[in-house]
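Below is one structure, written out as structure tokens; the observations come after it.
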């Protein structure tokens, strides 16, 4: 039986096909020191520190993404090797499996954005605000910066704190989701092992049905 994986996170896909990115383990003390610098001097100060030692990673990481900035600095301080160099070494590794990788793409961006907005509306109708409130009251976001930074929760937390209206929070959520989709498209477009499949092609439904049938035949 062949495994079939479905998802949109390129980093995880690379980890499956090429193995975990080679990088050193974490250093809690060093990470705490860098977090303190970020809290005292601001995110831009940390990003400038990264620019000085690893301009390539600094160009790829937004200053507001503290977790990734701190991780890149942590790698360099712990090993003397930049994160961009670690990444290069990982990418040069040969794939572990022979895999057929299909990536959905959109020629019509407006159609993609309409579908994104409809998806966000459906998530809200399904109770995303209430879910965010429950997690907030349970202390999940205080315990996990990663959870607090996740798209959906991040945009609704200011609303729950009374800092903006629900309409403003929803607009921010839709914008963040569109930007994430653009990053996904950019990521997969750069991968030579991905076969693009147009989701807005007039023959798209037929192609999807054929692919699903072929996949089902493999696992029966």
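Residues to consider are 132, 175, 186; find the one that is assigned to a helix (DSSP H, G or I), within 30 Å of residue 71 (Cβ to Cβ), modelled with pLDDT of 90 or more and out of contact with any helix residue (DSSP H, G or I) (no Cβ under 8 Å at 6 or more places or on another chain).
On the way: 132 fails: out of contact with any helix residue (DSSP H, G or I) (no Cβ under 8 Å at 6 or more places or on another chain); 186 fails: modelled with pLDDT of 90 or more.
Sole residue among the options that is assigned to a helix (DSSP H, G or I), within 30 Å of residue 71 (Cβ to Cβ), modelled with pLDDT of 90 or more and out of contact with any helix residue (DSSP H, G or I) (no Cβ under 8 Å at 6 or more places or on another chain): 175.
Quick one: residue 148 ticks every box in (1) under 20 Å from residue 182 (Cβ atoms); (2) touching a helix residue (DSSP H, G or I) at 6+ places or on another chain (Cβ under 6 Å) except a single one, so which number is it?
With respect to (1) under 20 Å from residue 182 (Cβ atoms); (2) touching a helix residue (DSSP H, G or I) at 6+ places or on another chain (Cβ under 6 Å), residue 148 is out only on (1).
Contact list please: Cβ distance under 7 Å, first residue in the stretch 76-90 and under 18 Å from residue 46 (Cα atoms), second residue modelled with pLDDT of 90 or more and part of a loop (DSSP other than H, G, I, E, B), pairs at least six apart or on different chains.
That search, which allows pairs on different chains as well, returns 76/54; 76/82; 82/54; 83/54; 84/54.
Having 3 or more residues that are outside the structural domain of residue 176 (by TED's automatic domain parsing) and more than 20 Å from residue 190 (Cβ to Cβ) is the bar; report the helices (runs of 4 or more DSSP H) wholly within the stretch 1-92 that clear it.
On the way: elements: 10-18, 28-41, 43-53, 55-60, 66-79, 83-91.
In the stretch 1-92, 28-41, 43-53, 66-79 are the helices (runs of 4 or more DSSP H) which contain 3 or more residues that are outside the structural domain of residue 176 (by TED's automatic domain parsing) and more than 20 Å from residue 190 (Cβ to Cβ).
Identify, from the list 195, 186, 146, the residue that is in contact with a strand residue (DSSP E or B) (Cβ under 7 Å, 6 or more places away or on another chain) and surrounded by fewer than 14 Cβ atoms within 10 Å (Cβ to Cβ). Explain how you work it out, then say what you get.
Numbers: 186 fails: in contact with a strand residue (DSSP E or B) (Cβ under 7 Å, 6 or more places away or on another chain); 146 fails: in contact with a strand residue (DSSP E or B) (Cβ under 7 Å, 6 or more places away or on another chain).
After ruling out the rest, the residue left standing is 195.
Look at the stretch 49-70 and say how many of its residues are modelled with pLDDT under 90 and in contact with a helix residue (DSSP H, G or I) (Cβ under 7 Å, 6 or more places away or on another chain).
4
Checking the condition assigned by TED's automatic domain parsing to the domain that holds residue 169, closer than 24 Å to residue 179 by Cα, surrounded by fewer than 15 Cβ atoms within 10 Å (Cβ to Cβ) and in contact with a strand residue (DSSP E or B) (Cβ under 8 Å, 6 or more places away or on another chain), which residue from 107, 114 passes? Explain how you work it out, then say what you get.
Details: 114 fails: in contact with a strand residue (DSSP E or B) (Cβ under 8 Å, 6 or more places away or on another chain).
Going through 107, 114 in turn, the sole match is 107.
The values are calculated or read from the model by the stated rules, or taken from the named source; none is laboratory data. Remember, predicted model here, so these are calculated numbers, not experimental data. Note that each Cβ is placed from the backbone with ideal geometry, even for glycine, and that neighbours are counted across all protein chains shown.
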